[in-house]
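J.: Shown below is the structure under consideration.
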Amino acid sequence: MTARKPVIVWIRRDLRLADNPALLEAARTGRSVIPVFIADGTLAGLGAAPEWRLKLGVQHFAETLRRTGSRLLFRQGEALPVLRALVAETGATDVYWNRAYHPDEIARDSEVKSELKAIEITAKSFPGNLIFEPWQVQTGAGGFYRVFTPFWKNARGLPVSDVMPAPQTLRVPDHWPASDNLAAWASRHRMNRGAAIVAPYLLLGEQAAQHRLQAFCDERLQDYARDRDFPAKPATSGLSEPLAYGEISPRQIWQRAKVLWEQGVGGAETFLKELVWREFAYHLMYHTPHILTRNWRAEWDAFPWNTDENHPHVIAWKQGRTGMPFVDAAMRELYVTGRMHNRGRMIVASYLTKHLMTDWRIGQRWFSDCLTDWDPASNAMGWQWAAGCGPDAAPYFRVFNPETQLQKFDPGGTYRHAWIAEGDLCASETAQYYFKAIPRSWHLQAGNTYPAPVVTVKDGRERALSAYETRSF
Ligand SMILES: Cc1cc2nc3c(=O)[nH]c(=O)nc-3n(C[C@H](O)[C@H](O)[C@H](O)COP(=O)(O)OP(=O)(O)OC[C@H]3O[C@@H](n4cnc5c(N)ncnc54)[C@H](O)[C@@H]3O)c2cc1C
């Protein structure tokens, strides 16, 4: 009687109906479908903002499923016992999911798959969260890539399958198994006041992501290559946030932009290339998982980084009070919006690791607490790139100058004005708001004098280069 047995779809960071291979395959069996989200140990290490954002995403997707007549079950506990219990309760014979690539998730999923198979449950995983599976893009010798350009040249020519439709219907089981309390879980977060501050900047849910993609392709893509580096311009897609929770799939973005590329729309190729940086980050995380926690190049272990998280320079960096307007503007943007422009990310990461000679993992931790688009692979790759210790990294001796960068990418001072209130007689609302948003314990006020640089461009550069030149490796 398999025909009547339900299929369990284990929902993870794939909070969407369309282009969701596991969900579609389950619907196509014609059997009832039980979608479940499991809050397990892999979520324990999430920073405050991404944890809060994930919970909002799960709640939103539960609402989306409810509108189709289905539901999202929610269970707390380790994945294997939860799935085993659900199989026993429902008589399901199949469990489907879309693949995840973090080393902890790979280990968990492999165990779940073999244990379910051992009790004669069909456990199937699908490729749904990347354009190219990490093992699919290979060098001529059959290995993995360490450098982006050849990865891109190879990947751009590979076939990409069509986007899948949302299931037309999801058959419901005769009896829904009980769910743990999703609302109670979702309201338990560590953002406190931060939630209300960041909330207006969120791009939440599948529909919002699709609208954004459409608007971006219609209005911004044409000028993307020209404008994408200017932090005051609304020139980029902002899709990293829904991508991080699977509210949109990279394949949906790829296929839309690829058509425009083929039609000769300016900016489309550059945009696709940026999207493939995300693929490259996953490729690296899959083949060299130590990128997440250790210097990718082990010789950098001997470098004399500052590892004191409470060093006054690190505190000034986190609080946007380094005295370097580009760095401070970007750090304040992060605090208020949960986002930071890519140029800002490169500048603040370079300033922390080079001028302040601080271990990149201190910056990585701060980002992982503050970013609503936090993504383990892109984040680690970005930090190791900026610090000079990663694969295909910016060489350590190439030190971004935050002053000339500001002149070049914010020539009219719009970005600076948006985030730096001190000394500005007509300080913008956002710049003033920063001081309302930050904890009182920081003792900062908009009327304060703007600080002198904690380390000047020249001193920081010379110190970093001298440490680099006298290094023991
Ligand atoms: C130190 C540092 C930390 C970063 N941390 C993250 C992070 O936690 N999460 C994250 O998604 N990105 C991260 N990035 C990459 C990049 O800054 C963001 O992806 C980008 O700013 C997102 O804005 P967007 O969606 O408007 O990008 P767009 O310019 O519209 O680009 C489209 C998509 O391409 C991908 N992309 C673009 N640039 C990069 C890049 N350099 N690396 C990887 N993917 C890229 C993203 O998925 C992005 O949504 C980091 C970069 C640095 C230097």
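The values are calculated or read from the model by the stated rules, or taken from the named source; none is laboratory data. Keep in mind the model is a prediction, meaning the values are calculated, not measured. Neighbour counts are summed over all protein chains in view; Cβ atoms, including those assigned to glycine, are modelled from backbone coordinates with ideal geometry. Side chains included, ligands, DNA and RNA excluded: accessible areas come from the protein's heavy atoms. Shrake-Rupley method; radii C 1.70, N 1.55, O 1.52, S 1.80 Å.
J.: Restricting the stretch 58-86 to residues that are in contact with a helix residue (DSSP H, G or I) (Cβ under 7 Å, 6 or more places away or on another chain) and over 20 Å from Gly246 (Cα atoms), which is least open to solvent (accessible area, probe 1.4 Å)?
T.: It comes out as Leu83.
J.: Ok, one more. For the stretch 341-357: of the residues being over 18 Å from the mean Cα position of the chain (by Cα) and assigned to a helix (DSSP H, G or I), which is surrounded by the most Cβ atoms within 10 Å (Cβ to Cβ)? Working first, answer last.
T.: The first filter runs over the stretch 341-357 and keeps only residues over 18 Å from the mean Cα position of the chain (by Cα), leaving 347, 350-357.
Filter once more, so that each one left must be assigned to a helix (DSSP H, G or I): 347, 350-355.
Working: Ile347: 26, Ser350: 25, Tyr351: 32, Leu352: 28, Thr353: 27, Lys354: 26, His355: 29.
The residue in question is Tyr351.
J.: Of (1) under 21 Å from the mean Cα position of the chain (by Cα); (2) open to solvent by 20 Å² or more (accessible area, probe 1.4 Å); (3) modelled with pLDDT of 95 or more, Lys55 satisfies all except one. Which?
T.: Answer for Lys55: the failing condition is (2).
J.: Can I ask one more? Which one of Val399, Val314 is modelled with pLDDT under 95 and more than 9 Å from the ligand (Cβ to nearest atom)? Explain how you work it out, then say what you get.
T.: Details: Val314 fails: modelled with pLDDT under 95.
Of the residues listed, the single one that is modelled with pLDDT under 95 and more than 9 Å from the ligand (Cβ to nearest atom) is Val399.
J.: Could I ask something else about it? Among the residues of the stretch 87-97, which ones are over 27 Å from the mean Cα position of the chain (by Cα), aliphatic (A, V, I, L, M) and crowded, with 16+ Cβ neighbours inside 10 Å?
T.: First, pick out the residues of the stretch 87-97 that are over 27 Å from the mean Cα position of the chain (by Cα): 87-94.
Add one more test, that the residue is aliphatic (A, V, I, L, M), and what stays is 87-88, 92.
Of everything in the stretch 87-97, those that are over 27 Å from the mean Cα position of the chain (by Cα), aliphatic (A, V, I, L, M) and crowded, with 16+ Cβ neighbours inside 10 Å turn out to be Val87, Ala92.
J.: Can you tell me which of (1) open to solvent by 10 Å² or more (accessible area, probe 1.4 Å); (2) within 26 Å of Ile248 (Cα to Cα); (3) not basic (Lys, Arg) is the one Pro325 doesn't meet?
T.: (2)
J.: Would you mind stating whether Glu333 is closer than 27 Å to Leu202 by Cβ, open to solvent by 20 Å² or more (accessible area, probe 1.4 Å) and more than 8 Å from the ligand (Cβ to nearest atom)?
T.: Values: closer than 27 Å to Leu202 by Cβ: yes; open to solvent by 20 Å² or more (accessible area, probe 1.4 Å): yes; more than 8 Å from the ligand (Cβ to nearest atom): yes.
Spelling it out, Glu333 is indeed closer than 27 Å to Leu202 by Cβ, open to solvent by 20 Å² or more (accessible area, probe 1.4 Å) and more than 8 Å from the ligand (Cβ to nearest atom).
J.: Please tell me if Gln168 is polar (S, T, N, Q), farther than 30 Å from Arg67 by Cβ and part of a loop (DSSP other than H, G, I, E, B). Step through it out loud before you land on a result.
T.: Numbers: polar (S, T, N, Q): yes; farther than 30 Å from Arg67 by Cβ: no; part of a loop (DSSP other than H, G, I, E, B): yes.
Judged against the criteria, Gln168 is not a match.
J.: For a quick check of your reading of the model, give me the residue pairs whose first member lies in the stretch 215-242 and is under 19 Å from Phe409 (Cβ atoms), whose second is of a type in the set (Ser, Thr, Tyr), with beta-carbon atoms closer than 7 Å and at least 6 apart or on different chains.
T.: Tyr224/Thr270; Ala225/Thr270; Arg228/Thr236; Pro231/Tyr415; Ala232/Thr414; Ala232/Tyr415; Ala235/Tyr224
J.: OK, next. Considering only the stretch 141-152, I want to know if a residue exists there that is open to solvent by 20 Å² or more (accessible area, probe 1.4 Å) and in contact with a Pro (Cβ under 6 Å, 6 or more places away or on another chain). Spell out the reasoning first.
T.: Taking the stretch 141-152 and keeping what is open to solvent by 20 Å² or more (accessible area, probe 1.4 Å), we get 141-147, 149-150.
Restricting the remaining residues to those that are in contact with a Pro (Cβ under 6 Å, 6 or more places away or on another chain) gives 146.
Among the residues of the stretch 141-152, at least one is open to solvent by 20 Å² or more (accessible area, probe 1.4 Å) and in contact with a Pro (Cβ under 6 Å, 6 or more places away or on another chain), which makes the answer yes.
J.: OK, next. From the list Gly320, Gly338, which residue is within 14 Å of the ligand (Cβ to nearest atom), open to solvent by less than 30 Å² (accessible area, probe 1.4 Å) and under 21 Å from Ala49 (Cα atoms)? So that I can check it myself, show each step before the final result.
T.: Values: Gly320 fails: within 14 Å of the ligand (Cβ to nearest atom).
When all the criteria are applied, what remains is Gly338.
J.: On the phi > 0 side of the Ramachandran plot and surrounded by fewer than 24 Cβ atoms within 10 Å (Cβ to Cβ): does that describe Gly30? It would help to see each step written out before you state the result.
T.: Working: on the phi > 0 side of the Ramachandran plot: yes; surrounded by fewer than 24 Cβ atoms within 10 Å (Cβ to Cβ): yes.
Yes.
J.: Does Leu204 meet the test of being crowded, with 19+ Cβ neighbours inside 10 Å, within 12 Å of the ligand (Cβ to nearest atom) and under 23 Å from Ala100 (Cα atoms)? Show your work before the answer.
T.: On the way: crowded, with 19+ Cβ neighbours inside 10 Å: yes; within 12 Å of the ligand (Cβ to nearest atom): no; under 23 Å from Ala100 (Cα atoms): yes.
For Leu204, the condition - crowded, with 19+ Cβ neighbours inside 10 Å, within 12 Å of the ligand (Cβ to nearest atom) and under 23 Å from Ala100 (Cα atoms) - is not met.
J.: Could you list all residues from the stretch 293-315 that are farther than 22 Å from Phe473 by Cα and open to solvent by 10 Å² or more (accessible area, probe 1.4 Å)? If you could, list the steps in order and put the result at the bottom.
T.: Step one: of the stretch 293-315, the residues farther than 22 Å from Phe473 by Cα are 308-315.
Matches in the stretch 293-315: Asp308, Glu309, Asn310, His311, Pro312, His313, Ile315.
J.: Also, quick follow-up: Quick one: in the stretch 392-436, of everything that is part of a helix (DSSP H, G or I) and of a type in the set (D, E, K, R), which residue is nearest to Glu462 (Cα to Cα)?
T.: Step one: list which residues in the stretch 392-436 are part of a helix (DSSP H, G or I), which gives 402-409, 414-419, 429-436.
Of the ones still in play, those that are also of a type in the set (D, E, K, R) are 403, 408, 416, 429, 436.
On the way: Glu403: 16, Lys408: 22, Arg416: 26, Glu429: 37, Lys436: 37 Å.
Checking each candidate, the answer is Glu403.
J.: Ser179: open to solvent by 30 Å² or more (accessible area, probe 1.4 Å), outside the structural domain of Thr404 (by TED's automatic domain parsing), at pLDDT below 95 and more than 16 Å from the ligand (Cβ to nearest atom), yes or no? Break it down into steps so the answer makes sense when it comes.
T.: Details: open to solvent by 30 Å² or more (accessible area, probe 1.4 Å): yes; outside the structural domain of Thr404 (by TED's automatic domain parsing): yes; at pLDDT below 95: no; more than 16 Å from the ligand (Cβ to nearest atom): yes.
For Ser179, the condition - open to solvent by 30 Å² or more (accessible area, probe 1.4 Å), outside the structural domain of Thr404 (by TED's automatic domain parsing), at pLDDT below 95 and more than 16 Å from the ligand (Cβ to nearest atom) - is not met.
J.: Looking at Ile197, is it open to solvent by less than 30 Å² (accessible area, probe 1.4 Å) and away from the ligand (no atom under 13 Å from the Cβ)? Spell out the reasoning first.
T.: Working: open to solvent by less than 30 Å² (accessible area, probe 1.4 Å): yes; away from the ligand (no atom under 13 Å from the Cβ): yes.
Taking the combined requirement at face value, the residue satisfies it.
J.: Something else about it: Residue check: is Glu241 assigned to a loop (DSSP other than H, G, I, E, B) and in contact with an Asp or Glu (Cβ under 6 Å, 6 or more places away or on another chain)?
T.: Values: assigned to a loop (DSSP other than H, G, I, E, B): no; in contact with an Asp or Glu (Cβ under 6 Å, 6 or more places away or on another chain): yes.
No.
J.: OK, next. Looking for something assigned to a loop (DSSP other than H, G, I, E, B) and touching a residue at least 40 places away in the same chain (Cβ under 8 Å) - is there at least one such residue anywhere in the stretch 380-388? Break it down stepwise before answering.
T.: Here is the first cut: in the stretch 380-388, the ones assigned to a loop (DSSP other than H, G, I, E, B) are 388.
Subset that is touching a residue at least 40 places away in the same chain (Cβ under 8 Å): 388.
The answer is yes; a qualifying residue exists.
J.: Right, here's the next one. If only one of Trp385, Trp360, Trp305 is over 20 Å from the mean Cα position of the chain (by Cα) and assigned by TED's automatic domain parsing to the domain that holds Ile438, which one is it?
T.: Details: Trp385 fails: over 20 Å from the mean Cα position of the chain (by Cα); Trp360 fails: over 20 Å from the mean Cα position of the chain (by Cα).
Every option except Trp305 fails the conditions.
J.: Between Ala281, Ala257, which is modelled with pLDDT of 95 or more, within 30 Å of Val58 (Cβ to Cβ) and touching a Leu at 6+ places or on another chain (Cβ under 6 Å)? Before you say what the answer is, go through the steps one by one.
T.: Numbers: Ala281 fails: touching a Leu at 6+ places or on another chain (Cβ under 6 Å).
Only one candidate qualifies: Ala257.
J.: Of the residues that make up the stretch 262-277, is at least one more than 14 Å from the ligand (Cβ to nearest atom), assigned to a helix (DSSP H, G or I) and farther than 27 Å from Pro391 by Cβ? I'd like the intermediate steps shown before the answer.
T.: Here is the first cut: in the stretch 262-277, the residues more than 14 Å from the ligand (Cβ to nearest atom) are 262-266.
Next, from what is left, pick out any that are assigned to a helix (DSSP H, G or I): 262.
Next cut, farther than 27 Å from Pro391 by Cβ only: 262.
So far as the stretch 262-277 goes, yes, one or more of its residues are more than 14 Å from the ligand (Cβ to nearest atom), assigned to a helix (DSSP H, G or I) and farther than 27 Å from Pro391 by Cβ.
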